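Contents: one structure, followed by commentary.
The values are calculated or read from the model by the stated rules, or taken from the named source; none is laboratory data. Please read these numbers as outputs of a predicted model, since none were measured by experiment. A quick note on method: Cβ atoms are made from the backbone with ideal geometry, for glycine too, and the neighbour counts reach across all protein chains shown. Ligands, DNA and RNA are excluded from the accessible area calculation, which covers all protein heavy atoms including side chains. Shrake-Rupley method; radii C 1.70, N 1.55, O 1.52, S 1.80 Å.
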Amino acid sequence: MCDTCGCNVTDANRHLIEGDGRLAQTESGRDAISVLQGLLSENDRLAAHNREHFDSHRVLALNLMSSPGSGKTRLLEETIGALSGELRIAVIEGDLETENDAQRIRDKGVAAVQITTGTACHLDAHMVHDALHALDLDQVDILFIENVGNLVCPASFDLGQHRNVTLLSVTEGDDKPAKYPVMFRAADLMLISKSDLLAVLDDFSPDKAQRHLRELASTAPVHTLSARSGEGMQAWLDWLRSEHSAAKDRAAHGQTLRPAIQPDGQRLHTHEHTHQHAHHGHGRPGHD
Amino acid sequence: MRCSTRNAPGVHELAVCQGLMTQVEQIARREHAARVTRILLRIGPLSGVEPQLLSDAFPIAAAGSVAADAELAIEPQPIRVRCLTCGEESAASTNRLVCGACGDYRTQLLSGDELLLASLELERRDNV
Ligand SMILES: Nc1nc2c(ncn2[C@@H]2O[C@H](COP(=O)(O)OP(=O)(O)O)[C@@H](O)[C@H]2O)c(=O)[nH]1
Ligand SMILES: [Mg+2]
Ligand SMILES: [Zn+2]
Ligand SMILES: [Zn+2]
């Protein structure tokens with residue numbers, strides 16, 4: 001497999017295997033085995049499987065992340081209302097901060113599956129896969145996965161989503177991207193939420209928040225909005241429309257998409273995945 | 001208070017450790033290992049995993065396994081970026097990943113987000 005052919009070795013870790021090969025005898029007579037696998041490769045495999053489900057059903061899957069209380073569920077409620085009759089939405093709820101998040105979504109007339117994570121502080125690909133069995137993806141255009149309210153670990157676990165959307169509410173510090181770089185680096189879109197409160201919270205500067213995000217080498221777009229007042233909602237809805245149509249086009253051409261920045265293990269897996277693809281699907285005649 | 005939270009491994013790190021153990025056990029089986037004596041990980045500061053918390057979680061995840069007595073070694077990785085504008089490579093920090101030469105924020109991460117099982121040391125059954 002790929003760990004023996006060496007194709008999953010990135011520039012940064014190539015030196016680890018060059019020279020001494022993958023097997024060496026140590027002084028004590030024990031065998032040393034070079035592995036170079038992402039620690040989350042088990043999760044990544046299942047995430048890739050989830051992504052295949054989404055693509056085969058032409059579903060855009062979005063992973064929503066933020067601190068608890070930044071307004072993820074409220075944004076979903078307003079989004080469902082605004083897109084009703086246009087795009088069919090379903091929600092996987094992993095956030096336990098509010099017990100009734102799934103019920104709040106169902107009250108808007110769309111399917112919602114509550115994942116009961118227990119003490120878990122993040123969703124993983126396995127939980128999402130289980131939740132998928134409770135959904136009819138043929139009836140869905142956009143699947144939102146509301147992750148557990150936590151700025152630390154949800155970013156490490158690929159769920160199979162196409163995009164990461166990270167919320168930062170104006171009631172938090174505008175330096176959150178600097179304090180939680182792993183999370184904010186993973187954002188494909190940053191939403192500055194609860195903008196209706198900006199008038200009373202004069203110590204939050206959307207410009208500063210964006211600057212902190214750029215310092216993480218992120219080129220992700222930043223939108224400021226308020227689910228309560230409706231301000232800025234149009235740009236968000238337009239982003240959803242264009243992402244959804246792009247996802248449909250990609251799937252129609254047998255292509256997929258992963259969040260722009262993923263940890264190393266997941267990048268390795270992508271590599272492995274395309275590699276296998278090349279062997280099985282597009283092998284050149286006469287080449288074995 | 002501080003001590004008890006520090007001693008309790010993060011749920012997150014425990015989950016990562018369980019993933020690690022699945023891989024270690026697969027490799028140990030494949031290599032007919034009697035026991036795994038050393039596990040080497042490479043973890044970058046941008047991986048989202050705290051090496052200390054991972055070390056704390058390891059004995060719990062490894063208990064009763066082929067790696068129960070293994071030494072867990074973690075090599076931290078430096079953060080390095082390559083500028084997409086001027087092409088320079090430079091060192092960076094977790095929350096400042098801009099180019100060290102020209103200051104542009106459009107950089108590519110060369111190293112620092114690793115979360116890798118690098119190598120295993122083991123004793124084979126026929127060696128014992
Ligand atoms: N002022 C204001 N409050 C909001 C807005 N969006 C959400 N909230 C409030 O913030 C709290 C947490 O919102 P919720 O959607 O449950 O956050 P979640 O934990 O991220 O899902 C609730 O009391 C919401 O009513 C907003 O745009 N403006
Ligand atoms: Mg919620
Ligand atoms: Zn977690
Ligand atoms: Zn530069």
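Quick check on my filter: what residues within segment A:129-165 are within 15 Å of A:Arg45 (Cβ to Cβ) and within 14 Å of chain B (Cβ to nearest Cβ)?
Residues of segment A:129-165 that are within 15 Å of A:Arg45 (Cβ to Cβ), as a first pass: A:129, A:157-160.
Across segment A:129-165, the qualifying residues are A:Phe157, A:Asp158, A:Leu159.
Being within 14 Å of another protein chain (Cβ to nearest Cβ), more than 13 Å from ligand 1 (Cβ to nearest atom) and over 16 Å from the mean Cα position of the chain (by Cα) is true for just one of A:Ala82, A:Ala120. Which residue is that?
Result of the check over A:Ala82, A:Ala120: A:Ala120.
With the checklist (1) farther than 28 Å from A:Pro154 by Cα; (2) facing chain A (nearest Cβ under 10 Å) in hand, flag the one item B:Val49 doesn't pass.
So the condition that B:Val49 fails would be (1).
Quick test for you: out of A:Leu60, A:Leu123, pick the one residue that is within 16 Å of ligand 3 (Cβ to nearest atom) and open to solvent by less than 10 Å² (accessible area, probe 1.4 Å).
A:Leu123
For A:Lys72, only one of the following conditions fails: (1) within 16 Å of ligand 1 (Cβ to nearest atom); (2) of a type outside the set (A, V, I, L, M, F, W, C); (3) at pLDDT below 95. What is its number?
Only one criterion is unmet by A:Lys72, namely (3).
Is one or more of the residues making up segment A:89-105 within 16 Å of ligand 1 (Cβ to nearest atom), among the hydroxyl-bearing types (Ser, Thr, Tyr) and over 19 Å from the mean Cα position of the chain (by Cα)? Break it down into steps so the answer makes sense when it comes.
Let us first name the residues in segment A:89-105 that are within 16 Å of ligand 1 (Cβ to nearest atom), namely A:89, A:91-105.
Subset that is among the hydroxyl-bearing types (Ser, Thr, Tyr): A:98.
Now restrict to residues that are over 19 Å from the mean Cα position of the chain (by Cα): A:98.
Checked segment A:89-105: at least one residue is within 16 Å of ligand 1 (Cβ to nearest atom), among the hydroxyl-bearing types (Ser, Thr, Tyr) and over 19 Å from the mean Cα position of the chain (by Cα).
Out of the residues in segment B:87-101 that are under 24 Å from A:Ala186 (Cα atoms) and among the hydrophobic types (A, V, I, L, M, F, W, C), state the one that is nearest to ligand 1 (Cβ to nearest atom).
B:Leu97
Scan A:Ala220, A:Ala209, A:Ala251, A:Ala235 and give me the residue that is of a type in the set (A, V, I, L, M, F, W, C), farther than 15 Å from A:Asp174 by Cβ, open to solvent by less than 40 Å² (accessible area, probe 1.4 Å) and not in a loop (DSSP other than H, G, I, E, B).
A:Ala251
Taking only pairs six or more apart or across chains, which ones have beta-carbon atoms under 7 Å, a first residue in segment B:102-127 that is more than 7 Å from chain A (Cβ to nearest Cβ), and a second residue that is charged (D, E, K, R) and surrounded by 17 or more Cβ atoms within 10 Å (Cβ to Cβ)?
B:Gly112/B:Arg80
Tally up the residues in segment B:53-67 that are touching a residue at least 24 places away in the same chain (Cβ under 8 Å) and either within 16 Å of ligand 4 (Cβ to nearest atom) or more than 10 Å from chain A (Cβ to nearest Cβ) (or both), please.
10
Exactly one condition in (1) at positive phi; (2) within 14 Å of chain B (Cβ to nearest Cβ); (3) not hydrophobic (A, V, I, L, M, F, W, C) is not met by A:Arg58; state its number.
(2)
If only one of B:Cys86, B:Cys99 is within 16 Å of ligand 4 (Cβ to nearest atom), within 10 Å of chain A (Cβ to nearest Cβ), farther than 27 Å from A:Asp44 by Cβ and hydrophobic (A, V, I, L, M, F, W, C), which one is it?
None of the others qualify; the one that does is B:Cys99.
Take the conditions free of Cβ contacts under 8 Å to residues at least 40 places away in the same chain and open to solvent by 10 Å² or more (accessible area, probe 1.4 Å) and apply them to A:Glu78. Does it pass?
So A:Glu78 does not fit the description; no.
Looking at segment A:126-149, which of its residues are crowded, with 16+ Cβ neighbours inside 10 Å and free of Cβ contacts under 8 Å to residues at least 60 places away in the same chain?
A:Met127, A:Ala131, A:Leu135, A:Val148
Any idea which residue in segment A:190-202 is farthest from the other protein chains (Cβ to nearest Cβ), counting only those that are more than 16 Å from ligand 2 (Cβ to nearest atom) and in contact (Cβ under 8 Å) with a residue 12 or more places away in the chain?
Among those that are more than 16 Å from ligand 2 (Cβ to nearest atom) and in contact (Cβ under 8 Å) with a residue 12 or more places away in the chain, it is A:Asp196.
Does segment A:199-251 hold any residues that are under 26 Å from B:Asn95 (Cβ atoms) and basic (Lys, Arg), and which are they?
Correct list: A:Lys208, A:Arg211, A:Arg214.
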